[in-house]
Amino acid sequence: MIHPDTELKFISPEKGYGIVATKFIPKGTMTWIMDPLDQVFTPEEIRQMHPVFQEKLNTYSYRDSNGDYILCWDNSRYINHSFHSNCITTAYNFELAVRDIQAGEELTDDYGYLNVTEPFICLPEPGTNRTMVLPDDLLNFHEEWDTQLIGAFKNFNKVAQPFLELIDPGYKDKVLKIAAGKAKMDSILNCYCGEKVKNLAWQKHLAS
(Lines give C-alpha, C1' and ligand atoms only; values in the text may rest on other atoms or scores of the structure.)
Protein backbone atom coordinates (compact mmCIF):
# COMPACT_ATOMS: atom_id res chain seq x y z
CA MET A 1 0.00 0.00 0.00
CA ILE A 2 1.41 3.34 -1.04
CA HIS A 3 1.35 6.38 1.25
CA PRO A 4 -2.09 8.10 1.18
CA ASP A 5 -0.60 11.51 0.32
CA THR A 6 0.40 10.43 -3.18
CA GLU A 7 -1.14 10.20 -6.63
CA LEU A 8 -0.49 8.54 -9.98
CA LYS A 9 0.79 11.08 -12.50
CA PHE A 10 2.34 11.11 -15.96
CA ILE A 11 6.03 11.94 -15.52
CA SER A 12 7.58 11.91 -19.00
CA PRO A 13 7.55 9.98 -22.29
CA GLU A 14 10.70 8.16 -21.14
CA LYS A 15 9.37 7.19 -17.71
CA GLY A 16 5.65 7.05 -18.31
CA TYR A 17 3.57 7.22 -15.12
CA GLY A 18 4.93 7.53 -11.60
CA ILE A 19 3.96 8.25 -7.99
CA VAL A 20 4.01 11.88 -6.84
CA ALA A 21 3.58 13.30 -3.35
CA THR A 22 0.49 15.48 -2.91
CA LYS A 23 1.71 16.75 0.47
CA PHE A 24 5.04 17.05 2.25
CA ILE A 25 6.29 13.62 3.41
CA PRO A 26 9.10 13.97 5.97
CA LYS A 27 12.17 11.79 6.28
CA GLY A 28 11.50 8.68 8.36
CA THR A 29 7.92 8.20 7.13
CA MET A 30 6.79 4.77 5.98
CA THR A 31 5.97 5.40 2.31
CA TRP A 32 4.88 1.88 1.41
CA ILE A 33 3.96 -1.29 3.29
CA MET A 34 3.13 -4.78 2.11
CA ASP A 35 -0.46 -5.69 2.94
CA PRO A 36 -2.79 -8.70 2.58
CA LEU A 37 -4.16 -7.46 -0.75
CA ASP A 38 -0.76 -7.76 -2.44
CA GLN A 39 -0.48 -10.96 -4.47
CA VAL A 40 2.41 -13.41 -4.08
CA PHE A 41 3.45 -15.74 -6.92
CA THR A 42 6.10 -18.44 -6.76
CA PRO A 43 8.46 -18.87 -9.73
CA GLU A 44 6.77 -22.21 -10.47
CA GLU A 45 3.34 -20.56 -10.62
CA ILE A 46 4.67 -17.98 -13.04
CA ARG A 47 6.27 -20.60 -15.29
CA GLN A 48 2.84 -22.16 -15.72
CA MET A 49 1.21 -18.88 -16.79
CA HIS A 50 0.55 -17.61 -20.30
CA PRO A 51 3.47 -15.43 -21.56
CA VAL A 52 1.20 -12.37 -21.53
CA PHE A 53 0.81 -12.64 -17.75
CA GLN A 54 4.48 -13.50 -17.26
CA GLU A 55 5.40 -10.26 -19.03
CA LYS A 56 3.09 -8.22 -16.80
CA LEU A 57 4.53 -9.75 -13.65
CA ASN A 58 8.09 -9.14 -14.83
CA THR A 59 7.17 -5.49 -15.44
CA TYR A 60 5.16 -4.66 -12.33
CA SER A 61 6.35 -6.99 -9.57
CA TYR A 62 9.42 -7.28 -7.37
CA ARG A 63 11.02 -10.33 -5.76
CA ASP A 64 11.20 -10.90 -2.02
CA SER A 65 13.90 -12.72 -0.05
CA ASN A 66 12.31 -16.08 -0.93
CA GLY A 67 12.47 -15.36 -4.64
CA ASP A 68 8.68 -15.03 -4.85
CA TYR A 69 7.16 -12.31 -7.02
CA ILE A 70 5.06 -9.66 -5.25
CA LEU A 71 2.46 -7.80 -7.31
CA CYS A 72 1.16 -4.73 -5.49
CA TRP A 73 -2.58 -4.20 -5.85
CA ASP A 74 -2.52 -0.38 -5.84
CA ASN A 75 -0.47 2.39 -7.47
CA SER A 76 2.67 1.14 -5.73
CA ARG A 77 3.52 -0.87 -8.83
CA TYR A 78 4.10 2.37 -10.75
CA ILE A 79 6.94 3.66 -8.58
CA ASN A 80 9.90 4.50 -10.79
CA HIS A 81 13.60 3.82 -10.43
CA SER A 82 16.28 6.29 -9.39
CA PHE A 83 19.91 5.75 -8.41
CA HIS A 84 19.27 8.54 -5.86
CA SER A 85 15.96 7.14 -4.60
CA ASN A 86 14.15 8.97 -1.81
CA CYS A 87 12.56 5.73 -0.55
CA ILE A 88 14.39 2.57 0.49
CA THR A 89 12.99 -0.80 1.46
CA THR A 90 13.70 -2.37 4.84
CA ALA A 91 13.96 -5.92 6.12
CA TYR A 92 10.47 -5.45 7.64
CA ASN A 93 8.22 -5.36 4.54
CA PHE A 94 7.91 -1.59 4.38
CA GLU A 95 9.82 1.32 2.89
CA LEU A 96 11.05 4.52 4.51
CA ALA A 97 11.54 8.01 3.12
CA VAL A 98 15.29 8.50 3.54
CA ARG A 99 15.01 12.25 3.01
CA ASP A 100 12.23 14.83 2.99
CA ILE A 101 9.91 14.51 -0.02
CA GLN A 102 8.28 17.74 -1.11
CA ALA A 103 4.74 18.08 -2.46
CA GLY A 104 4.90 17.52 -6.22
CA GLU A 105 8.08 15.44 -5.96
CA GLU A 106 8.17 11.93 -7.37
CA LEU A 107 8.65 8.99 -4.98
CA THR A 108 11.37 6.67 -6.25
CA ASP A 109 13.03 3.35 -5.48
CA ASP A 110 16.41 2.03 -6.50
CA TYR A 111 15.44 -1.14 -8.34
CA GLY A 112 18.79 -2.57 -7.27
CA TYR A 113 17.26 -3.69 -3.96
CA LEU A 114 14.19 -5.26 -5.60
CA ASN A 115 15.93 -8.45 -6.79
CA VAL A 116 15.68 -7.91 -10.53
CA THR A 117 16.21 -11.07 -12.58
CA GLU A 118 18.12 -9.45 -15.45
CA PRO A 119 20.25 -6.31 -15.88
CA PHE A 120 18.66 -3.33 -17.56
CA ILE A 121 19.92 0.02 -18.75
CA CYS A 122 18.58 3.09 -16.93
CA LEU A 123 18.18 6.72 -17.84
CA PRO A 124 21.38 8.66 -17.05
CA GLU A 125 21.44 10.55 -13.74
CA PRO A 126 23.98 13.12 -12.53
CA GLY A 127 26.10 12.27 -9.51
CA THR A 128 26.49 8.55 -10.14
CA ASN A 129 28.58 6.25 -12.31
CA ARG A 130 25.86 3.60 -12.33
CA THR A 131 24.13 3.11 -15.65
CA MET A 132 22.45 -0.26 -15.10
CA VAL A 133 20.50 -2.04 -12.38
CA LEU A 134 22.04 -5.45 -11.76
CA PRO A 135 20.70 -8.57 -10.01
CA ASP A 136 23.50 -8.45 -7.44
CA ASP A 137 23.29 -4.74 -6.55
CA LEU A 138 22.35 -5.64 -2.97
CA LEU A 139 25.77 -7.22 -2.62
CA ASN A 140 27.52 -4.02 -3.60
CA PHE A 141 25.34 -1.26 -2.15
CA HIS A 142 23.67 -2.67 0.98
CA GLU A 143 25.99 -0.77 3.34
CA GLU A 144 25.17 2.52 1.63
CA TRP A 145 21.44 1.82 1.82
CA ASP A 146 21.72 0.66 5.44
CA THR A 147 23.35 3.95 6.39
CA GLN A 148 20.46 5.90 4.88
CA LEU A 149 17.89 3.69 6.57
CA ILE A 150 19.53 4.05 9.98
CA GLY A 151 19.33 7.83 9.58
CA ALA A 152 15.67 7.60 8.57
CA PHE A 153 14.78 5.41 11.55
CA LYS A 154 16.02 8.18 13.85
CA ASN A 155 13.03 10.23 12.66
CA PHE A 156 10.53 7.37 12.80
CA ASN A 157 8.94 8.43 16.11
CA LYS A 158 8.99 12.13 15.22
CA VAL A 159 6.69 11.97 12.19
CA ALA A 160 3.16 10.82 11.41
CA GLN A 161 3.00 7.13 10.49
CA PRO A 162 -0.30 6.24 8.77
CA PHE A 163 0.85 2.63 8.42
CA LEU A 164 1.94 2.08 12.02
CA GLU A 165 -0.89 -0.34 12.80
CA LEU A 166 -0.26 -2.27 9.57
CA ILE A 167 3.28 -3.39 10.42
CA ASP A 168 3.60 -7.16 10.39
CA PRO A 169 3.10 -8.30 14.03
CA GLY A 170 6.22 -10.41 13.69
CA TYR A 171 8.29 -7.28 13.06
CA LYS A 172 6.48 -4.57 15.01
CA ASP A 173 8.22 -4.96 18.37
CA LYS A 174 11.64 -4.97 16.71
CA VAL A 175 10.77 -1.95 14.56
CA LEU A 176 9.63 0.08 17.58
CA LYS A 177 12.82 -0.82 19.46
CA ILE A 178 14.95 0.26 16.48
CA ALA A 179 13.07 3.55 16.29
CA ALA A 180 13.66 4.09 20.02
CA GLY A 181 17.37 3.33 19.66
CA LYS A 182 17.06 0.13 21.70
CA ALA A 183 17.79 -2.42 18.96
CA LYS A 184 20.08 -2.76 15.95
CA MET A 185 18.48 -2.54 12.53
CA ASP A 186 18.64 -5.65 10.36
CA SER A 187 20.51 -5.03 7.12
CA ILE A 188 18.70 -4.58 3.84
CA LEU A 189 20.93 -7.46 2.73
CA ASN A 190 18.30 -9.71 4.33
CA CYS A 191 16.01 -8.81 1.41
CA TYR A 192 18.30 -10.54 -1.09
CA CYS A 193 16.98 -13.80 -2.49
CA GLY A 194 20.36 -15.44 -3.16
CA GLU A 195 21.10 -18.32 -0.79
CA LYS A 196 24.81 -17.51 -0.66
CA VAL A 197 24.10 -13.95 0.45
CA LYS A 198 21.52 -15.06 3.02
CA ASN A 199 24.22 -17.19 4.62
CA LEU A 200 26.61 -14.22 4.56
CA ALA A 201 24.01 -12.00 6.24
CA TRP A 202 23.42 -14.63 8.91
CA GLN A 203 27.16 -14.95 9.58
CA LYS A 204 27.44 -11.18 9.99
CA HIS A 205 24.45 -11.26 12.38
CA LEU A 206 26.13 -13.91 14.54
CA ALA A 207 29.38 -11.96 14.59
CA SER A 208 27.74 -8.65 15.61
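Taking only the C-alpha atoms of the stretch 93-177, the Rg (one decimal) and the largest Cα-Cα distance, Dmax (whole number), read 15.1, 40 Å. A cut-off of 5 Å between modelled amide H atoms, ignoring neighbours fewer than 5 places along the same chain, links T29 with A97. Working note: Debye formula, equal point scatterers on the alpha-carbon atoms of the chain, no solvent; log10 I(q)/I(0) at q = 0.10, 0.15, 0.17 Å⁻¹ is -0.42, -1.00, -1.32.
For the stretch 151-193, the equivalent ellipsoid derived from the Cα gyration tensor has semi-axes of 17, 14, 11 Å, listed largest first.
Computed from backbone phi with θ = phi - 60° and the Karplus coefficients 6.51, -1.76 and 1.60, the 3J(HN,Hα) list for the stretch 85-91 is 4, 9, 10, 9, 6, 10, 7 Hz; x is used for glycine and proline. Counted over all Cα-Cα pairs of the stretch 1-117, pairs farther apart than 19 Å make up 45 percent. The residues of the stretch 4-135 expose, per residue, 51 Å² of accessible area to a 1.4 Å probe.
Subtracting the Cα-Cα distance of A160 and A180 from their residue separation scaled by 0.36 nm leaves 5.7 nm. Projected over all directions and averaged, the alpha-carbon convex hull of the stretch 109-148 occupies 3.0 nm². In terms of the mean number of neighbouring beta-carbon atoms within 10 Å, the peptides 18-29, 165-176 order highest first as 18-29, 165-176. Dividing the convex hull volume of the alpha-carbon atoms in the stretch 58-132 by its residue count gives 114 Å³ per residue. Protection proxy ranking for 66-75, 80-89, using the average of other Cβ atoms within 10 Å per residue and placing the highest first: 80-89, 66-75. Summarising the amide proton neighbourhood of N80: residues at separation of 5 or more, or on other chains, whose placed amide H is nearer than 5 Å comprise I19, D109.
Listed values for the stretch 14-21 are Karplus-derived 3J(HN,Hα) couplings in whole Hz (6.51 cos²θ - 1.76 cosθ + 1.60, θ = phi - 60°), namely 6, 8, x, 8, x, 9, 10, 6, and x replaces Gly and Pro. Evaluating 6.51 cos²θ - 1.76 cosθ + 1.60 at θ = phi - 60° for every residue in the stretch 29-34, the Karplus couplings come out as 7, 5, 9, 8, 8, 5 Hz, glycine and proline recorded as x.
Ligands, DNA and RNA left out, the accessible area of the stretch 1-96 computed with a 1.4 Å probe is 53% carbon and sulfur. Just so you know, the Cα atoms of the stretch 125-174 work out to an Rg and Dmax of 15.3, 40 Å.
Rounded to the nearest 20 debye, the dipole size of the stretch 86-143 about its Cα centre is 60 debye, using +1 on the Cβ of Lys and Arg and -1 on the Cβ of Asp and Glu.
The values are calculated or read from the model by the stated rules, or taken from the named source; none is laboratory data. Because the structure is a prediction, the values reported are computed rather than measured. We place every Cβ from the backbone using ideal geometry, glycine too, and count neighbours over all the protein chains shown. Heavy atoms of the whole protein, side chains included, go into the accessibility calculation; ligands, DNA and RNA do not. Shrake-Rupley method; radii C 1.70, N 1.55, O 1.52, S 1.80 Å.
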